[in-house]
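Trainee: Mind looking over this structure? Questions follow.
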Amino acid sequence: KLAETILDVSKDFVKTQAKIKAVPAPEGSLWPDRLLSIDKIRKNLGWKPSVSIEDGIREIFERVAG
């Protein structure tokens, strides 16, 4: 999902569109067996992001693109 979000946002900044290629996780890796989530920090600390993932990625592209 993160890769799809990056590709979607990048359409406004790059001329060519990359493709997502799924590959197996390296042997002994926890990834992708573990899902990343902010649910625990939200529950325990009451924290929530002030910027959406899409807006954050767009900001990175804007800074890099100048």
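Trainee: Within 10 Å, count the other beta carbons around each residue, average over each peptide in 46-52, 23-29, 57-63, and list them highest first.
Mentor: Taking the mean over residues of other Cβ atoms within 10 Å, the ranking is 57-63, 46-52, 23-29.
Trainee: Mind running the shape call on the chain? Use the C-alpha gyration tensor, a ≥ b ≥ c as the square roots of the eigenvalues: rounded below 1.5 for a/c, prolate if a/b tops b/c, oblate otherwise.
Mentor: oblate
Trainee: Taking +1 at the Cβ of each Lys and Arg and -1 at the Cβ of each Asp and Glu, which of A3, P49, V64 sits farthest along the dipole of the chain towards its positive end, judged by Cα position relative to the Cα centre?
Mentor: Most positive-ward Cα: P49.
Trainee: Another question, then. Tell me the mean residue ellipticity at 222 nm calculated for the chain from its helices only (DSSP H runs of n ≥ 4, each -39500 (n - 2.57), averaged over every residue, nearest 500).
Mentor: My calculation for the chain gives -12500 deg cm²/dmol from helical runs alone.
Where a number appears in this text, it was derived from the coordinates with a stated rule and is not lab data. All of these numbers come straight from a predicted model, not from anything done at the bench. Note that each Cβ is placed from the backbone with ideal geometry, even for glycine, and that neighbours are counted across all protein chains shown.
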